[in-house]
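These notes concern the structure reproduced below.
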Amino acid sequence: MPKVTIDGRTFDAPAGRTIIDIAAQNGIEIPHFCWHPKLTPAGNCRMCLVEVEKMPKLAIACMTTVADGMVVQTASEKVLNARHAVMEFLLINHPLDCPICDEAGECKLQDYAYKYSIGESRFEEDKVHKPKRVELGPNVLLDVERCIMCSRCVRFSDEIAHQPVLTFTQRGTHVVLTTFPDTQLDNRYSMNVIELCPVGALTSRDFRFKARVWEMSSTDSVCTGCARGCNTNVWVRNNEILRLTPRHNEEVNSYWMCDDGRLKTFKHVNAAERLSAPLVRKEGQLMETGWDEAIAKAVSELRLFRKNEIAALGSGFSSNEDNYLLQKFFRETVGTRLVDLVEHVVEGDQDDLLIRADKTPNTTGAREVGVRPGPAGEDLASILQGVRDGSIKALYVLEDDIAADPAVREVLGNLELLIVHAHQRNATTEFADIVFAASTFAERNGTFVNFQRHVQRFRPAVATQEQDRALDGFNMSRWDKFAAHNDRWGRGSRRDARPSWRILAALAVVYGVKYRYQTAEDVFREITERVPTFKGMSYLAVGSRGRTLAAAGTTAPAPVA
Amino acid sequence: MMLPPSHPDQATKWENVILPPTKDLHKIDVYRQGGGYGALKKALAMKPEEVIEEVKRSNLRGRGGACFPTGLKWSFMPKAGTKAKYLCVNGDESEPGTFKDRQIFEFNPHLLIEGTLIACWAMGITAAYIYIRGEYGKWIRMLERALEDAYSNRLVGENILDSGFTTQIYIHKGAGAYICGEESSLMNSIEGDRGYPRVKPPFPAQVGLWGCPTTINNVETIANVPVIIERGAAWYAGVGSPKHPGPLLVGVSGHVNQPGVYEMPTGVPLLEIIHKWSGGVPGHKGIKAVIPGGSSTMVLRGEALEGVRMDADSLKAAGSSVGTAGLIVMDEDTDLIAVITRIAKFYYHESCGQCTPCREGTGWLWKLLTRFEAGEARMSDVALLMDVANNIEGNTICALGDAAAWPVQSMLRQFRDEFERRTVDRPDDAPVSA
């Protein structure tokens, strides 16, 4: 194996690898703007200049391939001078208005200005002025003055999104990033250029100027937009989600996520119409009620039916923990064989990058933990048929608006009892007798299993009424940490919603079964004990990167009631 | 009347071979009557590697500014392989002070076409692009006409001179960017991309035009090739300076009585070029400074010209370079601050904007210099100017950064007093630095 020495430390250097690559892999930071591990190198920012023995000039670490015996200095005087020079050059025309820039706090240029520049500029001339608010596409806006022409966005659009619409025009300091005539940046991954942008040039139309970075907490989570389960960060201020950003996970989504995932999967969490208490139908109207009353009511209603007059539908939108307890409660305690779920597959709406036709984050997991047709083929079709012909009289539905499908909707009226878990009123709750206000993915702990059979954790980022950000170990923003209780930003609305698994556990207790789960992790622990493909897992082991389930063949058959 | 300029008072005797004084030489019949395309015929009878060997032995060095040995460059091209190979002939000629290739387009275009064909034969190339700066409208049309004539005489295209060798030549017009004279930008431009230089390595001989092995030669370099084949490497190597031999087109501009392009052997003293070939300085004024090889080469003080010759080694020893042999003469009354400000403006205007130091630095240099020109600079700006130039030099993707930095650096080194005199805060009694 060839060797390369960087700053006095010697590393293996497989042929064809670059200096920046070997350095990064070994924890040596070489500052850079234009280089990105997933894009072809461009070599234009010159921030990664390093000194290589026997080379007459400084070399760019991003495009200099290692050779056996190469000796590299990343912090020699010559290198530091070049770095200072590049920083000074970058800042002469870049607006120095960080206090009003959306990127401040997460800006590579700002960070490097503190870390790698001498902290002052000798430039006294006029800066070049350029357009400040250019619409590159429906979701992305450009401030041309802030652009440092690193071309990351251009390369992303060409190489990853395969929509080559971005280019530079003009020359020198007058260079302008733009779209080709009659095109716009409107591919389904367009917003990834916002994080790729090392400065505040590219911003999200949805998020820009809503919050400073440090006002928000950032919590590791998983996108619920499809079966990919892109790893995300959920950004919350004042108990409200302001944006989702992709979190790197090479096995799942690399550095990317789609625009639908960013924009369409969290607005319901913040919605003013969120349910904040259980609802029970009284004289034809759904009325808010207390949890104890709703749970007692649900149990007493369910007890009016025979086992096989009751069916339960899990949900691809609910966690493994929720689905597991649903099937456990209905199979073991209620005694029905009728447990399945509604799939949400949009054939054709998929691609080779991330987007999957299955529009739920957890159908694979729900199936895995036992929400699947019974031993005699009791599946969704037979359940719906039973509802239609009146043999099934009571239906219990996890978080899923099943009535959005007209074929389902038309049979729901036949039911004598419909109990649903929901985040807000929807087509299904119109038919419901009891509605439990369920907390969303953003308000609880849990796991999903993506289409690759990858188990992934999500964590609470938004607090419900029963949670406390500090006491319950939430990730905290500066405001969360330092605000007084009467500060304006401490007053975000908190709903009285509960995780579905806890609602189910409460039902079981009233049914007379001792479910001793205190936390979602307790439920998950039982899953790992009872579902062989989960064997050996724990929340700790799943961590922030996820763990893959054991091979499908080892799955036990669905438990028989 | 189509005759290249010549000068009767030349001291060094030279009979033109690149731009011979033949009337209407641009016409194919005239060119052929004088033995034109004879070198091609001779080359086609040789093995390709023999042609390369002959060019190597001639010691021909590139005329585009870098003086790289041409035969050696040709030998970098892979001999075999499944990929196409290309030749790009660089006639972008956009450097201020450089206007020699234009003379070849105008007065001897068939020499260029013949040289292109011989180069293609030597390297096994079946497609060549002659890239001409877009502003050369008249000369583009002239070369197109010459190429049409060569095609219709079956000298280009299929089965050239019944040798079985086939190669095509295409003329590609530039679109007004100096940077496209940089060889990798030139290839991007031909490919239809933005004129951005490529990071090297890989070098064009491995990954060039459309990812294929490519050689890029200057127009004048290629025009020397038929001469080498016709007269032999030994003759050629004996012309002018031994380490940088051959005829050289020297473009003289600035304060001389007869500016123009003169063909001469390499190694002619600069003072002879100025006083004998170009008719001396108007008004018999003294020479304050010269830029010997196009605007990107280092300036020399007028009093330091004694013994300096127009070849790579002599000019290197003098602290500059032969570049494209575009000699700019400035008399004793020249405002050098105005000169360097204008040069800096050129590089600011032409910086492609791809990499940081050149994009930002060229503009900064120009803005600083406009303050010197207006007499509004401070003493501290003198050092700053040097710093900015130093911070560009060597840190950029292509040589344009260096080309922008060198004139400023050398002007500061040679004429620092002129800068200091233009500052607002120089103490009146302060000694002026030399």
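The table below lists the values:
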quantity	calculated
Helices (runs of 4 or more DSSP H) completely within region B:338-434 that count 1 or more residues being over 30 Å from the mean Cα position of the chain (by Cα), at the interface with another protein chain (Cβ under 10 Å from one of its Cβ atoms) and surrounded by 21 or more Cβ atoms within 10 Å (Cβ to Cβ)	B:379-392
Count of residues meeting criterion [surrounded by 15 or more Cβ atoms within 10 Å (Cβ to Cβ) and of a type in the set (Gly, Ala, Ser)] in region B:13-41	2
Test: residue in region A:437-448 that is over 25 Å from A:Arg367 (Cβ atoms) and more than 14 Å from the chain's Cα centre (by Cα)	yes
Filter pass, B:Leu305 being of a type in the set (A, V, I, L, M) and within 19 Å of B:Phe415 (Cβ to Cβ)	yes
Residues (free of Cβ contacts under 8 Å to residues at least 60 places away in the same chain and assigned to a loop (DSSP other than H, G, I, E, B)) located in region A:379-406	A:Asp379, A:Gly390, A:Asp401
Count of region B:156-203 residues which are more than 21 Å from B:Leu400 (Cβ to Cβ) and touching a residue at least 60 places away in the same chain (Cβ under 8 Å)	4
Qualifying residue in region B:260-272 (condition: assigned to a loop (DSSP other than H, G, I, E, B), in contact (Cβ under 8 Å) with a residue 60 or more places away in the chain, more than 22 Å from B:Asp333 (Cα to Cα) and of a type outside the set (S, T, N, Q))	yes
Every pair of residues 6+ apart whose Cβ atoms lie under 6 Å, when the first sits in region B:204-218 and is closer than 11 Å to B:Ala128 by Cβ while the second is assigned to a strand (DSSP E or B) and among the aromatic types (Phe, Trp, Tyr)	B:Leu209/B:Tyr86; B:Thr214/B:Tyr86
From the options A:Asp143, A:Asp158, residue that is more than 12 Å from chain B (Cβ to nearest Cβ) and either crowded, with 17+ Cβ neighbours inside 10 Å or over 24 Å from the mean Cα position of the chain (by Cα) (or both)	A:Asp143
Cβ pairs under 6 Å, 6+ apart, first in region A:476-495 and closer than 20 Å to A:Asp220 by Cα, second in a helix (DSSP H, G or I)	A:Ser477/A:Glu215; A:Arg478/A:Trp214; A:Trp479/A:Glu215; A:Trp479/A:Trp489
Residues of region B:42-55 satisfying the condition of being among the charged types (D, E, K, R) and either surrounded by fewer than 18 Cβ atoms within 10 Å (Cβ to Cβ) or at pLDDT below 95 (or both)	B:Lys42, B:Lys47, B:Glu49, B:Glu50, B:Glu53
Residue among B:Leu117, B:Leu111 that alone is buried (at least 23 other Cβ atoms within 10 Å of the Cβ), farther than 30 Å from B:Thr82 by Cα and assigned by TED's automatic domain parsing to the domain that holds B:Val225	B:Leu111
Residue that is surrounded by fewer than 24 Cβ atoms within 10 Å (Cβ to Cβ) and in contact with a strand residue (DSSP E or B) (Cβ under 8 Å, 6 or more places away or on another chain), where the choices are B:Val290, B:Val219, B:Val239	B:Val239
A:Ile30, sole failed condition from (1) of a type outside the set (Lys, Arg); (2) more than 35 Å from the chain's Cα centre (by Cα); (3) in a loop (DSSP other than H, G, I, E, B); (4) more than 9 Å from every other protein chain (Cβ to nearest Cβ)	(2)
Qualifying residues in region B:47-90 (those that are aromatic (Phe, Trp, Tyr) and out of contact with any Leu (no Cβ under 8 Å at 6 or more places or on another chain)) - the one farthest from B:Pro204 (Cα to Cα)	B:Phe68
Filter result for the condition that a residue is in contact (Cβ under 8 Å) with a residue 24 or more places away in the chain, within 18 Å of A:Glu125 (Cα to Cα) and either in contact with an Asp or Glu (Cβ under 6 Å, 6 or more places away or on another chain) or not assigned by TED's automatic domain parsing to the domain that holds B:Arg194 (or both), over B:Trp364, B:Trp406	B:Trp364
Residues of region A:120-140 satisfying the condition of being within 30 Å of B:Met386 (Cα to Cα), more than 10 Å from chain B (Cβ to nearest Cβ) and without any contact (Cβ under 8 Å) to a residue 24 or more places away in the chain	A:Glu120, A:His129
Residue under evaluation A:Phe180, criteria (1) within 14 Å of another protein chain (Cβ to nearest Cβ); (2) free of Cβ contacts under 8 Å to residues at least 12 places away in the same chain, criterion not met	(2)
Pair list, Cβ < 9 Å and 6+ apart or interchain, from region A:280-305 residues that are farther than 17 Å from A:Ala506 by Cα and modelled with pLDDT of 95 or more to residues that are assigned to a helix (DSSP H, G or I) and charged (D, E, K, R)	A:Leu286/A:Glu430
When residues of region A:37-85 are limited to those that are β-branched (Val, Ile, Thr) and more than 39 Å from the chain's Cα centre (by Cα), the one nearest to the other protein chains (Cβ to nearest Cβ)	A:Val52
Those residues of region A:449-463 which are in a loop (DSSP other than H, G, I, E, B) and surrounded by 24 or more Cβ atoms within 10 Å (Cβ to Cβ), in sequence order	A:Asn450, A:Pro460, A:Ala461, A:Val462
Verdict on B:Lys288 being of a type in the set (Lys, Arg) and either more than 14 Å from every other protein chain (Cβ to nearest Cβ) or in contact (Cβ under 8 Å) with a residue 24 or more places away in the chain (or both)	yes
Residue list for region A:407-420, filter: free of Cβ contacts under 8 Å to residues at least 60 places away in the same chain and under 30 Å from the mean Cα position of the chain (by Cα)	A:Val420
Helices (runs of 4 or more DSSP H) fully within region A:99-215 counting 3 or more residues that are closer than 30 Å to A:Met476 by Cβ and of a type in the set (D, E, K, R)	A:108-116
Pair list, Cβ under 6 Å, 6 or more apart: region A:198-217 residue under 21 Å from A:Cys45 (Cα atoms), other residue of a type in the set (Phe, Trp, Tyr)	A:Pro198/A:Phe33
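Let's see how each residue does on (1) in the same structural domain as A:Leu380 (by TED's automatic domain parsing); (2) within 18 Å of the chain's Cα centre (by Cα); (3) modelled with pLDDT under 95:
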| site | (1), (2), (3) |
| --- | --- |
| A:Glu309 | yes, no, no |
| A:Gly316 | yes, yes, no |
| A:Lys328 | yes, no, no |
| A:Arg337 | yes, no, yes |
| A:Asp352 | yes, no, no |
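Every residue, every condition in (1) over 22 Å from B:Leu72 (Cα atoms); (2) not in a strand (DSSP E or B), yes or no:
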{"residue": "B:Ile169", "(1), (2)": "yes, no"}
{"residue": "B:Cys180", "(1), (2)": "yes, yes"}
{"residue": "B:Leu248", "(1), (2)": "no, no"}
{"residue": "B:Gly251", "(1), (2)": "yes, no"}
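The values are calculated or read from the model by the stated rules, or taken from the named source; none is laboratory data. Bear in mind the structure is a predicted one, so any value in this text is a computation, not a measurement. Cβ coordinates were reconstructed from backbone atoms using ideal geometry, including for glycine residues, and neighbour counts include every protein chain displayed.
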